1. If packing is taken as the mean number of other Cβ atoms within 10 Å per residue, what is the order of 296-307, 87-98, highest first?
2. Suppose all protein chains stay in the model; what accessible area per residue would a 1.4 Å probe give for the range 141-276, in Å²?
3. Tell me, what is a quarter of the convex hull surface for the C-alpha atoms of the chain, in nm² with one decimal?
4. If you roll a 1.4 angstrom probe over the protein chains with everything in place, what fraction of the accessible area of the range 205-346 belongs to carbon and sulfur, to the nearest %?
5. Grab the eigenvalues of the alpha-carbon gyration tensor for the range 124-260, scale each by 5, take roots, and send me the semi-axes largest first in whole angstrom.
6. Around residue 123, what is the net charge, scoring Lys/Arg as +1 and Asp/Glu as -1 over all other residues with Cβ under 12 Å from its Cβ?
7. So how compact is the range 226-309: Cα radius of gyration and Dmax in angstrom?
8. Nearest 10 degrees is fine. How inclined is helix 249-259 to the longest principal axis of the chain, computing both from alpha carbons?
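The values are calculated or read from the model by the stated rules, or taken from the named source; none is laboratory data. All values reported here derive from a predicted model rather than from experimental measurement. Every residue, glycine among them, receives a Cβ derived from its backbone with ideal geometry; neighbour counts consider all protein chains shown. Surface accessibility is based on the protein's heavy atoms, side chains included, excluding ligands, DNA and RNA. Shrake-Rupley method; radii C 1.70, N 1.55, O 1.52, S 1.80 Å.
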Amino acid sequence: MTALSRLLATPPSASGRSRHDLMLGLVDAAVTGMWAVSAAVRRPAPPPDGAGLLTLQVIERRVVARDQNVVALTLAAEGRSPLPPWRPGAHLDIHLPSGRIRQYSLCGDPGVQTSYRIAVRRIPGGGGGSIEVHDELDVGARVQTGGPRNAFPLTVPGYGSPARRLRFIAGGIGITPILPMLGLAQRMGVDWSMIYVGRSAESIPFLDEVRRFGDRVEIRTDDVHGVPSAQDLIGDCLDDVAVYTCGPAPMLTALRRLLAGRDDVELHFERFAAAPVVDGTAFTVTIASSGATVEVTPEETLLAALQRAGVPAPYSCQQGFCGTCRTQVIDGANGVVQHRDTLLTEPERAAGMMLTCVSRAPEGGHLRLDL
Ligand code: FES
């Protein structure tokens, strides 16, 4: 089987479960966010360790942005045995030595069966995951990984998408899920173009790999051209097009506003982090282990409030799809939890589980959490 036929033979979402972005309420339904996560990707050898995790070793580490702040890691199993297949848009859950779990898009070639590649931007002042990757994961280090899972699948025109062409829009490290999509679109002979934006040429990774696609790719940096408008990002591709984009929140928001109401445009996007809270109200929680009370404001997530108060609370995606922040509600005095995820099952909800990164309580509500 060729690399291309292998790619096409692997379903984009083996579980078939779709997840809908709660932010969609903000804009017209013509714009769609893609949150289809495959939870049951086919897994050949090597067998998973422990709870479905694979232990992989860093076999190569390379700086891929001129400002030195982005490293690409190549990961392989012992003996270079074949790894579970993946399609463009997939990510790995990386279980870091500290216990943090972070998700990084696969940005290598899906046709390579014996290794995965991820790339990580160093983010000082973030949650610490990227610093740990940069400082701790040298060649030879071992990490446990979950996945691959695909929350951002590419549907190719002529092979499931009614669009006639593809427009890729990448902002900075947002190139990582897009890069394998370019290779697939090119191999399939699809009409595609891309704009790749960032603060400066020094800050954006994989310039060499992107430039090999020639005129199909426009590289635009803020220091030379100014900050692009949504129209600049879309260009003149506004008919029968499927847009795939990953980048900073303001860029995605601008694109969603521009494309609201366009029935003839598909918008598929992936976020770096949590979406803004929509229609939130104030409530309080009590931490069962300490008795401390934490007030959650309308603008912040419960997880953010816990972090602000110094309450240890696990998290990973911050978008309600990985389940890392799953927490038991011991009791809720003033009403039921407002579940804003599509991960938990009804029995789990009935048993009092909630995801602190997206779910909340009603106005004035109070929850007691098993933390
Ligand atoms: S952190 Fe992933 S679901 Fe909450």
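1. Values: 296-307: 19.8, 87-98: 21.4.
The peptides rank, most packed first, as 87-98, 296-307.
2. Numbers: 5260 Å² over 136 residues.
With the other protein chains kept in place, the range 141-276 gives 39 Å² per residue.
3. Values: hull surface 74.1 nm².
The orientation-averaged projected area of the Cα hull of the chain comes to 18.5 nm².
4. Working: 3360 of 6670 Å².
That share works out to 50 percent.
5. Output for the range 124-260: semi-axes of 27, 20, 15 Å.
6. On the way: positive: 102, 121, 122; negative: 132.
Net of charged neighbours comes to +2.
7. 18.5, 58
8. Orientation of helix 249-259: about 70 degrees from the principal axis.
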